[in-house]
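I have placed the structure first, in the form of structure tokens, so that the comments after it can refer back to it.
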Amino acid sequence: KVDRLAALEILDSRGFPTVEVVMEAGGKVARASVPSGKSTGKFEALERRDGDKSRFQGKGVLGATHSVEDEIAGALVGKDLPPQAVLDKLLIDLDGTPNKSRLGANAILGVSMACARLWAAVEGQPLYRSLGGEEANLLPVPCFNVLNGGAHADNPLDWQEFMIVPAGLPSFAEALRAGAETYHKLAAILKEGDLSISVGDEGGFAPDITYPEEALDLLVEAIQGAGYKPGKDIFIALDPAASGFYKKGNYTFAEESMDARGMTSLYKSWLGKYPIISIEDGLAEDDWDGWVHLTRETGAQVQLVGDDIFVSDQARVRQAMTADMANAVLLKPNQIGSLSEIIATARVAQHGGFRCMMSHRSGETQDDFIADLAVALGVGQIKSGAPARGERVAKYNQLLRIERELGAKARFAGPAAFRGK
Ligand code: PGA
Ligand code: ZN
């Protein structure tokens with residue numbers, strides 16, 4: 001039986017409020033908290049905020065915590081702990097809106113995650129096994145966002161994320177070490193060049209650079225400087241978050257302006273020059289035609305991940321498969337707002353031959369749920385920011401624990417995770 005359901009307004013890594021949920025049943029207690037994005041997609045489930053300007057600049061979440069403690073608790077407390085799918089359906093029906101705007105996706109997801117943790121506790125299983133079964137033993141390749149720009153930093157760089165991807169290392173632990181060593185080498189290179197090592201929202205450095213090529217060159221230099229081979233040990237992944245600099249058919253950054261064809265040519269020219277393994281949101285969420293062109297031109301050589309354009313919604317992923325655009329989907333649980341729905345999106349993607357990357361948000365908490373979820377779903381890729389800052393490494397450190405616990409059964413996804421079928 002569910003004995004208690006409570007919610008608290010806590011702070012995220014940017015110092016803005018977010019929702020933490022506590023759920024108790026059968027003497028077990030589970031806690032979960034919800035992250036918050038900044039460069040959000042237009043079609044995301046609604047994160048409910050109070051809008052009361054006298055508190056946290058209107059960003060309070062007391063409405064969402066009250067949804068949990070009043071309506072949702074009213075439906076759950078005193079009853080048997082429902083199976084996950086039953087709970088999520090109940091929450092979606094109780095909310096009654098297409099985008100979870102009445103109770104708030106932040107309220108619903110918090111309860112959904114807490115319930116999954118509670119089931120794991122009741123079963124006496126680790127979360128990844130409770131969700132993924134005995135077969136859940138694939139450790140994802142970490143994608144470390146080491147240079148931040150766009151909405152996540154106030155440097156002149158319009159492109160949001162430049163990631164290093166140690167896919168060629170033999171284990172998750174070794175990949176994490178390679179990522180951290182390269183991150184520190186990058187800091188040394190920036191300092192030598194009189195560039196700032198202050199960091200952006202995801203823990204990556206945010207130096208005063210303007211051109212994406214400068215960022216790419218810095219990454220290659222750091223990888224080599226740390227003693228790794230670019231394109232063999234460590235690859236590069238990009239998330240320009242192109243919706244952020246798209247207007248009326250044109251992409252404008254670093255004083256340049258080009259259409260989707262121009263962007264595609266630019267990416268193509270880089271593929272021969274830099275060890276790029278993945279490009280996320282290389283074009284904008286409204287530019288489906290551009291995405292089709294980009295996929296036709298580069299989809300066989302590189303992973304093309306949809307974030308803002310799919311918002312973790314299985315219906316949009318299905319549409320993309322029919323339209324032959326993109327070949328991978330970013331999985332952000334709070335974009336869709338419940339655990340059952342993010343699992344469904346992953347399954348649709350995997351069955352249709354799309355790859356999946358599990359993802360944090362730029363505003364995070366110490367909650368490490370997505371680490372277990374990545375292993376449970378066997379997605380083979382995760383991005384959780386730089387290999388630094390508490391809320392980022394919480395996820396990576398949990399993956400270290402899982403790898404250790406699985407022992408000889410653990411498999412590291414490696415570069416194959418980024419290749420299509
Ligand atoms: P967000 O950015 O969490 O600020 O939306 C992350 C991303 O674009 O992948
Ligand atoms: Zn993105």
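Does region 57-82 hold any residues that are over 15 Å from residue 3 (Cα atoms), assigned to a loop (DSSP other than H, G, I, E, B) and either touching a helix residue (DSSP H, G or I) at 6+ places or on another chain (Cβ under 8 Å) or open to solvent by less than 10 Å² (accessible area, probe 1.4 Å) (or both), and which are they?
If the condition is that a residue be over 15 Å from residue 3 (Cα atoms), assigned to a loop (DSSP other than H, G, I, E, B) and either touching a helix residue (DSSP H, G or I) at 6+ places or on another chain (Cβ under 8 Å) or open to solvent by less than 10 Å² (accessible area, probe 1.4 Å) (or both), then 60, 61 are the ones that fit.
Against the definition (surrounded by 18 or more Cβ atoms within 10 Å (Cβ to Cβ) and over 17 Å from the mean Cα position of the chain (by Cα)), how does residue 403 come out, yes or no?
yes
Among the candidates 30, 45, single out the residue that is under 18 Å from residue 312 (Cβ atoms) and open to solvent by less than 40 Å² (accessible area, probe 1.4 Å).
Result: 45 is the single residue among 30, 45 that is under 18 Å from residue 312 (Cβ atoms) and open to solvent by less than 40 Å² (accessible area, probe 1.4 Å).
Given 389, 411, which one is touching a residue at least 40 places away in the same chain (Cβ under 8 Å), closer than 22 Å to residue 233 by Cα and open to solvent by 30 Å² or more (accessible area, probe 1.4 Å)?
411
Which one of these is at negative phi, in contact (Cβ under 8 Å) with a residue 60 or more places away in the chain and open to solvent by 10 Å² or more (accessible area, probe 1.4 Å): 347, 355?
Result of the check over 347, 355: 355.
Take the residues in region 326-345 that are of a type outside the set (Gly, Ala, Ser) and either modelled with pLDDT under 95 or under 13 Å from residue 279 (Cα atoms) (or both), then tell me which one is farthest from ligand 1 (Cβ to nearest atom).
Among them, the one singled out is 327.
Being among the acidic types (Asp, Glu) and buried (at least 21 other Cβ atoms within 10 Å of the Cβ) is true for just one of 217, 201, 208. Which residue is that?
201
Across region 182-198, what is the total count of residues that are closer than 24 Å to residue 366 by Cβ and either open to solvent by 40 Å² or more (accessible area, probe 1.4 Å) or in contact with an Asp or Glu (Cβ under 9 Å, 6 or more places away or on another chain) (or both)?
3
I'd like the full set of residues that are farther than 20 Å from residue 152 by Cα and either touching a residue at least 40 places away in the same chain (Cβ under 8 Å) or in contact with a Phe, Trp or Tyr (Cβ under 6 Å, 6 or more places away or on another chain) (or both), limited to region 185-229.
Matches in region 185-229: 185, 220, 222, 223, 225, 226, 227, 228, 229.
Among (1) assigned to a loop (DSSP other than H, G, I, E, B); (2) more than 16 Å from ligand 2 (Cβ to nearest atom); (3) over 14 Å from residue 21 (Cβ atoms); (4) not β-branched (Val, Ile, Thr), there is one condition residue 48 misses while meeting the rest; what is its number?
(3)
Specify which of the listed residues (13, 39) is within 25 Å of the chain's Cα centre (by Cα) and modelled with pLDDT under 95.
Selected residue: 39, the only one of 13, 39 that is within 25 Å of the chain's Cα centre (by Cα) and modelled with pLDDT under 95.
Being aliphatic (A, V, I, L, M), outside any helix (DSSP H, G or I), touching a residue at least 40 places away in the same chain (Cβ under 8 Å) and touching a Pro at 6+ places or on another chain (Cβ under 8 Å), is that true of even one residue in region 250-257?
Yes, the conditions are met somewhere in region 250-257.
The values are calculated or read from the model by the stated rules, or taken from the named source; none is laboratory data. What you are looking at is a predicted structure, and each value in this text was computed from that prediction instead of being measured. With ideal geometry, Cβ positions are generated from the backbone for all residues, glycine too; neighbour counts draw on all protein chains shown. Just the protein is used for accessible areas: all its heavy atoms, side chains included, with ligands, DNA and RNA removed. Shrake-Rupley method; radii C 1.70, N 1.55, O 1.52, S 1.80 Å.
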